[in-house]
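Working notes, beginning with the structure itself.
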Amino acid sequence: MSANVYDVIIIGGGAAGLACAVGLFNGGKKLKIKIIEAGERFGKKLAATGNGQGNISNTEMTANRFHGGNTALVEKIACADVYAGAKLFGCLFTADEKGRIYPAGKQASSLTDSLLNTLNGFDGDCLANGEKVLKINKNDNGFSIQTDKGAYNCKCAVLCTGGKAQKQFKTDGSAYALATNLGHTLTPLYPSIVQLKTDTVHIKTLKGIRVDCSVSAVCEGKVLFCSRGDVIFTEYGVSGNAVFSVSSYVADKHNVKLKIEFLPDFSEKEVEESVASAIKSGRQTEELLSGSLHNQIGRAVIKRAASTFAKDIARAVKNFTLDVTGTLGFDYAQVTKGGINMTEITDELESKIVKNLFFAGEILDVDGDCGGYNLQWAFTSGLAAAESILKRVGI
């Protein structure tokens, strides 16, 4: 086999691509493999995940936490074993109170290092970074792959190029063309796990304040999803973990409202009684929620209630609504909603259009909720693609 002819070429050196490569090497078939990454560093996005702590999965790994096409296949691949991705690494993992699974050392960069060390142990020449794939052509023997630095040929190709989110990781959406030029179609793309733009009339005085609350996304009277966690008020709208969680459900919808429930550990009746007691004590109206809420938030809520009655103020505390006007966009999103149409992909993650072309990770029309779901999909789909390739006769 000549220098530039490979059994498998993996395009994209993120979580899915690295997992696929490890899976292929672990298969014991002594395949000649190349992983081509456009960025200067492999696994750069993986090294930043979970605020740098490496949230790779979740103990509550169910199909309803994923969106897009063929959720039955996603369930089969991603939900069978919540620690499937963790098995790629030689370290201990732990889960927090929200089910988020982290390496015990809470260092995401160590996970990238572990994968690269594993691959270097198999074949130190399999990694090609800082090289962008420009085009893939199908030929009688497999594929010819043109990059900005040269050309390669392979029997099987795996597209693990990610989506359109966070272009600093070389995922600007341009790689979708590698698949669409071969006949695949792309579903509409939206930023997800992202900050939300809202009307700011009622929150102008709250910029920079962080608060623990419950957030519900409501569309046409239907609650799409509810999450408890931090909300950070900004000049454009809202951010924080609770917002990231609900954003997965609203990025592709219109006429969405966020219902923010302050003081989630207390009932509306308890809040009403507390406000009534404050009124009875002679406290000034704008200070009726002082001590219960951040003073600025309390004043904003009372102003929004436009009432001096305890019942109306309590209702405003538990039902503080904001109209969603958009998102902060792909540059700030953690993942992409949408991708290569899953109806064109087999249960083995092979293209139905082009034989021996496989897909894994975010390039497909699959996105998960905030909390480790997307990395679990990346790792497990990469491993699943590797397993499918290893079953091929003649490789």
Given (1) open to solvent by less than 50 Å² (accessible area, probe 1.4 Å); (2) part of a helix (DSSP H, G or I), index of the condition His67 fails
(2)
So Thr187 fits all but one of (1) of a type in the set (Ser, Thr, Tyr); (2) open to solvent by less than 10 Å² (accessible area, probe 1.4 Å); (3) under 18 Å from the mean Cα position of the chain (by Cα); what number is the exception?
(2)
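Rundown of residues vs (1) assigned to a strand (DSSP E or B); (2) closer than 16 Å to Ala19 by Cα, yes/no style:
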residue	(1), (2)
Asp81	no, yes
Glu97	no, no
Tyr102	yes, no
Lys106	no, no
Asp113	no, yes
Need the failing condition index for Gly237 against (1) open to solvent by less than 10 Å² (accessible area, probe 1.4 Å); (2) more than 15 Å from Tyr332 (Cβ to Cβ); (3) small (Gly, Ala, Ser); (4) touching a residue at least 40 places away in the same chain (Cβ under 8 Å), just the number.
(2)
For residues that are buried (at least 24 other Cβ atoms within 10 Å of the Cβ) and closer than 17 Å to Glu350 by Cβ, tally how many sit in the range 20-32.
2
In the range 309-320, what residues are open to solvent by 20 Å² or more (accessible area, probe 1.4 Å) and free of Cβ contacts under 8 Å to residues at least 24 places away in the same chain?
Phe309, Asp312
From the list Lys149, Lys170, which residue is touching a Lys or Arg at 6+ places or on another chain (Cβ under 9 Å), surrounded by 22 or more Cβ atoms within 10 Å (Cβ to Cβ) and charged (D, E, K, R)?
Lys170
Look at Asp323 and say whether it is part of a strand (DSSP E or B), of a type in the set (Asp, Glu), modelled with pLDDT of 95 or more and buried (at least 24 other Cβ atoms within 10 Å of the Cβ).
no
Scan the range 44-64 residue by residue and report those that are outside any helix (DSSP H, G or I) and at pLDDT below 95.
Thr49, Gly50, Asn51, Gly52
Where in the range 120-221 are there strands (runs of 3 or more DSSP E), lying wholly inside it, with at least 3 residues that are under 30 Å from His294 (Cα atoms) and not small (Gly, Ala, Ser)?
196-198, 210-219
What strands (runs of 3 or more DSSP E), lying completely within the range 328-391, carry at least 2 residues that are of a type in the set (Phe, Trp, Tyr), over 17 Å from Ile101 (Cβ atoms) and touching a residue at least 12 places away in the same chain (Cβ under 8 Å)?
357-359
Give just the number: which of (1) modelled with pLDDT of 95 or more; (2) open to solvent by 10 Å² or more (accessible area, probe 1.4 Å); (3) not in a helix (DSSP H, G or I) does Ile77 not satisfy?
(3)
Which residue is farthest from Ala78 (Cα to Cα), if the candidates are limited to the range 302-355 and must be over 26 Å from the mean Cα position of the chain (by Cα) and among the aromatic types (Phe, Trp, Tyr)?
Phe309
Taking the condition open to solvent by 40 Å² or more (accessible area, probe 1.4 Å) and either touching a Phe, Trp or Tyr at 6+ places or on another chain (Cβ under 6 Å) or small (Gly, Ala, Ser) (or both), does Ala84 pass?
no
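Conditions tested, residue by residue: (1) in a strand (DSSP E or B); (2) of a type in the set (D, E, K, R); (3) open to solvent by 10 Å² or more (accessible area, probe 1.4 Å).
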| site | (1), (2), (3) |
| --- | --- |
| Cys226 | yes, no, yes |
| Ile232 | yes, no, yes |
| Val243 | no, no, no |
| Asp252 | no, yes, yes |
| Leu258 | yes, no, no |
| Asp265 | no, yes, yes |
| Glu270 | no, yes, yes |
| Glu273 | no, yes, yes |
| Ser277 | no, no, yes |
Out of everything in the range 286-308 that is farther than 19 Å from Lys259 by Cβ and part of a helix (DSSP H, G or I), what residue ends up being least open to solvent (accessible area, probe 1.4 Å)?
Glu287
Ile389 passes all but one of (1) buried (at least 21 other Cβ atoms within 10 Å of the Cβ); (2) modelled with pLDDT under 95; which number fails?
(2)
Is one or more of the residues making up the range 40-52 open to solvent by less than 10 Å² (accessible area, probe 1.4 Å) and under 15 Å from Leu116 (Cβ atoms)?
yes
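The values are calculated or read from the model by the stated rules, or taken from the named source; none is laboratory data. Not measured: the values here are computed from a predicted model. Quick reminder, even Gly has a Cβ in these numbers, built from the backbone with ideal geometry, and neighbours come from all protein chains shown. Accessible surface is based on the protein model in full, side chains and every heavy atom, while ligands, DNA and RNA are left aside. Shrake-Rupley method; radii C 1.70, N 1.55, O 1.52, S 1.80 Å.
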